[in-house]
Amino acid sequence: MRYYPLFINLERMHCLVVGGGGVGCRKARSLAEAGACSVLVVDTAKASEDMETVCTSCGNVCFARREFVVEDLDGINLAFACTSDSVVNGKIAQQCERRGILCNIADQPDRGHFIVPGSVRRGDLCIAVSTAGKSPAMARRVRAEIDGLIGDEYGLVLALMGRLRPRMLDLGLETRQNTDVFRSLVFSELADALKVRDKTAARGILMDILPDTLHNNIPELLDGLV
């Protein structure tokens, strides 16, 4: 099966997680951290300490100790079946299919609409890894290799680029000129300078690449990054 890679904005999404064990707890936490509008976790067992921590620390997560009922899907945009009961997971998949709700089935990925890939994060940089469900072990290996290759400096460069972009666009330059500046920075030694917190080197690189009109903004661009 081939999957379409997709990053989704959860700010207006209501999510359901059925199963509050280790898998369900991790799902709930990651959904909350990604900014989901709400996350409802349903499980017949008592909430674990980890789940209680998630509910306490994340204001958009709530836990209900009871069996799953189809009404739990009312108003839901994304559903995750994470129970140890394949029959229950299958029931959730069936109900989601009827209602047109995207669902992820932990133990039967082919019955769901999507899978959640492993990922490596460095600030706002997120690199996702998927083997289309064929080998979680291979996905873990690839993720580990990427984790060793991509350092925190990539997130720092991205943070700087996020500050720079609106300032560059406000100058009203041609698209080609903006592109040249952005690419020159990304492929420069800026990441190396930020990695070792070398403010002088980072400032010099920005002075060489940025338009003169933005030189006064360099302290703001580097603030907190070096």
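Condition check ((1) under 21 Å from the mean Cα position of the chain (by Cα); (2) surrounded by 15 or more Cβ atoms within 10 Å (Cβ to Cβ)) across all residues:
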site	(1), (2)
Val120	yes, yes
Gly123	yes, no
Thr131	yes, yes
Arg140	yes, no
Leu164	no, yes
Glu174	no, no
Val181	no, yes
Leu185	no, yes
Quiz item: Taking region 58-79 on its own, how many of its residues are buried (at least 21 other Cβ atoms within 10 Å of the Cβ) and assigned to a loop (DSSP other than H, G, I, E, B)?
Solution: 1
Practice problem: Taking the options Ala201, Ala193, name whichever one is surrounded by 17 or more Cβ atoms within 10 Å (Cβ to Cβ) and at pLDDT 95 or above. | Solution: Ala193
Practice problem: Could you give me the residue pairs with C-beta distances under 6 Å whose first residue belongs to region 140-157 and is within 12 Å of Asp124 (Cβ to Cβ), whose second residue is at pLDDT 95 or above and exposed (fewer than 13 other Cβ atoms within 10 Å of the Cβ) wherever it lies, and which are 6+ apart or on separate chains? | Solution: none
Quiz prompt | Yes/no for Leu169 being hydrophobic (A, V, I, L, M, F, W, C), touching a residue at least 60 places away in the same chain (Cβ under 8 Å) and either over 18 Å from Val120 (Cβ atoms) or surrounded by 12 or more Cβ atoms within 10 Å (Cβ to Cβ) (or both) | solution = no
Self-check item: helices (runs of 4 or more DSSP H) wholly inside region 122-226 containing at least 2 residues that are under 30 Å from Asp107 (Cα atoms)
Solution: 136-149
Practice problem: Looking only at region 80-97, decide whether some residue is assigned to a strand (DSSP E or B), surrounded by 11 or more Cβ atoms within 10 Å (Cβ to Cβ) and not hydrophobic (A, V, I, L, M, F, W, C). | Solution: no
Exercise. Mind listing just one residue for me: the one in region 23-42 that is under 13 Å from Glu11 (Cβ atoms) and assigned to a helix (DSSP H, G or I) and, of those, modelled with the lowest pLDDT?
Key: Glu33
Exercise. Just one of (1) in contact with a Pro (Cβ under 6 Å, 6 or more places away or on another chain); (2) without any contact (Cβ under 8 Å) to a residue 60 or more places away in the chain trips up Ala137, so point out which.
Key: (1)
Quiz prompt | Those residues of region 214-225 which are over 15 Å from Met161 (Cβ atoms) and surrounded by 12 or more Cβ atoms within 10 Å (Cβ to Cβ), in sequence order | solution = His215
Quiz item: What single numbered condition from (1) exposed (fewer than 14 other Cβ atoms within 10 Å of the Cβ); (2) of a type in the set (D, E, K, R); (3) within 22 Å of the chain's Cα centre (by Cα) fails to hold for Asp50?
Solution: (1)
Quiz item: So how many residues does region 90-102 have that are closer than 18 Å to Gly21 by Cα and modelled with pLDDT of 95 or more?
Solution: 1
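The values are calculated or read from the model by the stated rules, or taken from the named source; none is laboratory data. Note that the structure is predicted; figures quoted are calculated from it, not measured. As a convention, Cβ positions derive from the backbone with ideal geometry for all residues, glycine included, and neighbour counts pool all protein chains shown.
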